[in-house]
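Q: Supplied in structure tokens, the structure appears directly below.
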Amino acid sequence: MDQFFIDGGKPLKGGVKISGSKNAALPILIATLLTDEVCVIENVPVLLRDIRTTFQLLESLGKKVISQNSRVTVKPQASLKTHAPYDLVKQMRASVLVAGPLLARFGVVRVPIPGGCSIGLRPIDIHLNGFKALGARELVDQGDIILSSRELSPGRVRLKFPSVGATENLMMAAAALNGETIIENAAREPEIEDLGRFLISLGAKVKGLGHSRISVLGKPVLHGARYSVIADRLEAGTFMIAAAATQGHVELLGADPTHLKDPIAKLRACGVKIKTGLRKITVISNGKALKPISIKTGPYPEFPTDLQALWMTLMCLSAGKSEVEETIFENRFLHAAELLRMGASISVHGNHARIFGVKKLIGAPIMASDIRGGAALLVAALAAEGHSVLQRVYHIDRGYEKIEDKLSALGALIRRANDSRKISPSS
Ligand code: UD1
């Protein structure tokens, strides 16, 4: 298992190119199951583990995937299968998104029920209720959900919560149905808009993107398309917070500031200078102590849950008391205990955390337990005084392409090593 050796305390300085969005690329790649023609998807973060898992998933279902740099070509290879393998679903929960396109096209799909993960139980009831509202029947067998319908019909679905995954699954199903489907209380994340634009490029008509009422006018035969994925707002948010935490000056190239309005406003409230342009964000620290600013996560456009852990790291370095409230996932504070090992002062009560800023964090051996919590610990180690060893880097590799190379180019002292090798911490 890889680990990072980090010598902290160096301000990040320079420019960094933001990769394509993982959370947009995943459903877009899966949506290629809606057509038998060739699709070419550009700006895909192909080095990410979750993207590689998606390639395997598509190939296991009968597609051929060719990736070259950040361009991915998905072609038909065999007739499509309707059973997603458990081995892949357990590695990546987003695999459940194959249900929508396959059910709508073939009238049946078998998908292993994804288990919970370190941040919460993560049920899929909103996805399933949506399919049932369109006429599907559900059966559980051997840990799999079997969804079937003699004829899935377009209709109206109201989600009890604006789930990102359920909105995507239903949009993809709707794109293959002959008629209009309305999704109410839909998620409004930029990744949903990106999927919607891809479905339009396949030949569906989609309206209401970015709003909570999405209409999809589908058709049974969709064509191939060429499409480019948006930049990753969560990677951009991570670098913004890393720049602020290390008192640096970083230019994020390719990042779309309109996707990060709330985090940018919160950083400005802390006293960080942020300049925005078309596909560019510049973060400039003013050298003064950060003001403590509380946040509460919520569905887009509220503060993203995926930047909550990173915000907690930043607030550990602020001059005062702040609060973080997590409303999306029930167990997303695992990073707090690791931050305590670095000298942070945090108390957690249910889904509330109270953070008392400290003068400095101190390097320590620490362990990632999920993608964003791992990134938060990485940023803490970059800002801390002294040496840290960050273990279980594979969590971070699910969501960040070559993060150590990008950070090194900004002046960070970070090195990846395999922990089976004996390496002296200072080497
Ligand atoms: C997506 C993102 C993830 C982000 C999350 C919230 C991807 C690959 N992942 O995850 O990075 O943190 O959105 O912005 O895009 N829920 C149910 N029943 C359901 C579905 C969801 O109770 O059927 C609950 C979940 O357990 C969670 C909340 O709703 O507590 C939000 O989940 P959802 O919006 O579906 O997130 P994901 O699509 O899994």
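The values are calculated or read from the model by the stated rules, or taken from the named source; none is laboratory data. Because the structure is predicted, anything quoted here is derived from the model rather than measured. Cβ atoms come from the backbone with ideal geometry, glycine included; neighbour counts cover every protein chain shown. Note: areas computed on protein heavy atoms with side chains; ligands, DNA, RNA excluded. Shrake-Rupley method; radii C 1.70, N 1.55, O 1.52, S 1.80 Å.
Q: Under a plain spin-label model, where a point goes 7 Å from the Cα along Cα-to-Cβ, how far apart in nm are LYS219 and SER67?
A: 3.2
Q: Ok, one more. How much FRET efficiency would the formula 1/(1 + (r/R0)^6) give for LYS17 and SER345, where r is the Cβ-Cβ distance and R0 is 35 Å, rounded to 0.05?
A: Given R0 = 35 Å and the Cβ-Cβ separation, E is 0.45.
Q: Could you name the aspartates and glutamates in cross-link range of LYS360, using Cα to Cα under 16 Å and dropping any fewer than eight places away on the same chain?
A: Candidates past the 8-residue exclusion: ASP7, GLU338, GLU385.
Q: Below 20 Å, Cα to Cα, which aspartates and glutamates can LYS81 reach? Residues fewer than 8 away in the same chain don't count.
A: Of all the aspartates and glutamates, those that pass the test against LYS81 - Cα under 20 Å, at least 8 places apart if same chain - are ASP36, GLU37, GLU59, GLU138, ASP141, ASP144, GLU151.
Q: Please determine, in degrees from 0 to 90 and to the nearest 10, the orientation of helix 371-383 with respect to the longest principal axis defined by the Cα atoms of the chain, where the helix direction is its Cα long axis.
A: Long axis of 371-383 versus the principal axis of the chain: about 20 degrees.
Q: How large is the direction-averaged shadow of the alpha-carbon convex hull of the stretch 340-403, in nm²?
A: Dividing the Cα hull surface by four gives the mean projection, 4.6 nm².
Q: Just to verify a number: what accessible area does LYS402 come out at with the full protein assembly present, 1.4 Å probe, Å² rounded to tens?
A: Surface accessible to solvent at LYS402 totals approximately 110 Å².
Q: So, with +1 on the Cβ of K and R and -1 on the Cβ of D and E, and no other charges, what is the size of the charge dipole of the chain about its Cα centre, to the nearest 20 debye?
A: 700
Q: With n ≥ 4 as the cut-off for DSSP H runs, can you work out [θ] at 222 nm for the chain, using -39500 (n - 2.57) per run divided by the number of residues, rounded to the nearest 500?
A: Here the helix-only value at 222 nm equals -9000 deg cm²/dmol.
Q: Pulled fully out, how much extra length does the chain show between GLN77 and GLU37, if you take 0.36 nm times their separation in residues and subtract their Cα-Cα distance?
A: Length gained, GLN77 through GLU37: 13.4 nm.
Q: While we're here: Along the positive direction of the dipole of the stretch 186-255 (beta-carbon charges: Lys, Arg +1; Asp, Glu -1; about the Cα centre), which of LEU217, THR246, LEU234 reaches farthest?
A: The one lying farthest along the dipole's positive direction is LEU217.
Q: Between VAL108 and PHE356, what is the spin-label point distance in nm, taking each point 7 Å from the Cα along the Cα→C-beta axis?
A: Here the modelled spin labels are 6.2 nm apart.
Q: In the P(r) worked out for the chain, what percent of Cα pairs fall beyond 42 Å?
A: In whole percent, the long-distance tail amounts to 15.
Q: Also: What lysines sit close enough to LYS219 to cross-link, taking a C-alpha to C-alpha distance under 18 Å and skipping anything fewer than 8 places away on the same chain?
A: Within the straight-line limit of under 18 Å, LYS219 reaches these lysines: LYS205, LYS207.
Q: How much of the accessible area of the chain, in percent, comes from carbon and sulfur atoms when a 1.4 Å probe is used?
A: 51
Q: With every protein chain in place, what's the accessible area of PHE161 (1.4 Å probe, Å², nearest 10)?
A: Around 80 Å² of this residue is reachable by solvent.
Q: Let me spell out the model: positive unit charges on the Cβ of Lys and Arg, negative unit charges on the Cβ of Asp and Glu, origin at the Cα centre of the stretch 22-228. What dipole size does that give, in debye rounded to 20?
A: 120
Q: Stretched out fully, how many nm does the piece from LYS321 to VAL140 gain, at 0.36 nm a residue minus the Cα gap?
A: Between LYS321 and VAL140, full extension yields 60.3 nm more.
Q: For the stretch 243-273 and the stretch 16-31, what is the centre-to-centre distance using only Cα atoms, to the nearest Å?
A: Result: 21 Å between the Cα centres.
Q: Give the angle, between 0 and 90 degrees and rounded to the nearest 10, that separates the Cα long axis of helix 190-202 from the longest principal axis of the Cα atoms of the chain.
A: The angle comes out near 30 degrees.
Q: Now for a different question. Which GluC sites (Glu not before Pro) from the stretch 314-399 combine a DSSP loop assignment with at most 14 other Cβ atoms within 10 Å?
A: Answer by residue number: GLU330.
Q: Which sequence of THR327, THR73, THR167 reflects their accessible areas, 1.4 Å probe, from the largest down?
A: THR327, THR73, THR167
Q: Pop a pseudo-label 7 angstrom from the Cα along the beta-carbon direction at both LEU413 and TYR394 and give the gap in nm to one decimal.
A: Inter-label distance under the simple model: 3.0 nm.
Q: Compactness ratio of the stretch 1-132: Cα Rg over 2.2 N^0.38 Å, N = residue count?
A: In units of the globular-protein estimate, the stretch 1-132 measures up at 1.22.
Q: Spelling out what I want: for every residue of the stretch 43-51, take phi, set θ = phi - 60°, compute 6.51 cos²θ - 1.76 cosθ + 1.60 (Karplus), and round to whole Hz; glycine and proline get x.
A: Result, rounded to whole Hz: 6, 8, x, 5, 7, 6, 4, 5, 6.
Q: What does the C-alpha gyration tensor say about the overall shape of the stretch 22-228? Classify as rounded when a/c is under 1.5, otherwise prolate if a/b is larger than b/c, or oblate.
A: rounded
Q: OK, next. Tell me the accessible surface of MET1 in square angstrom (1.4 angstrom probe, heavy atoms of protein chains only), to the nearest ten.
A: 120
Q: Something else about it: Within the stretch 122-187, which trypsin sites (Lys or Arg not before Pro) sit in a loop by DSSP and count at most 14 neighbouring Cβ atoms inside 10 Å?
A: Answer in residue order: ARG150, LYS160.
Q: Considering only PRO190, LEU48, HIS83, whose Cα is most displaced toward the positive end of the charge dipole of the chain, charges sitting on Cβ of Lys, Arg (+1) and Asp, Glu (-1)?
A: In the chain, that residue is PRO190.
Q: Right, another one. Multiply the residue gap between PHE161 and HIS249 by 0.36 nm, knock off their C-alpha separation, and tell me the result in nm, one decimal place.
A: Length gained, PHE161 through HIS249: 27.9 nm.
Q: Out of the DSSP beta bridges found with both residues in the chain, what percent are antiparallel (nearest 5)?
A: 75
Q: Return the loop-located GluC sites (Glu not before Pro) in the stretch 147-192 (DSSP other than H, G, I, E, B) with at most 13 other Cβ atoms within 10 Å of their own Cβ; answer none if there are none.
A: Listed in order of number, the matching sites are GLU151.
Q: With every protein chain kept in the model, how would you rank TYR394, TYR86 by accessible area, 1.4 Å probe, largest at the top?
A: TYR86, TYR394
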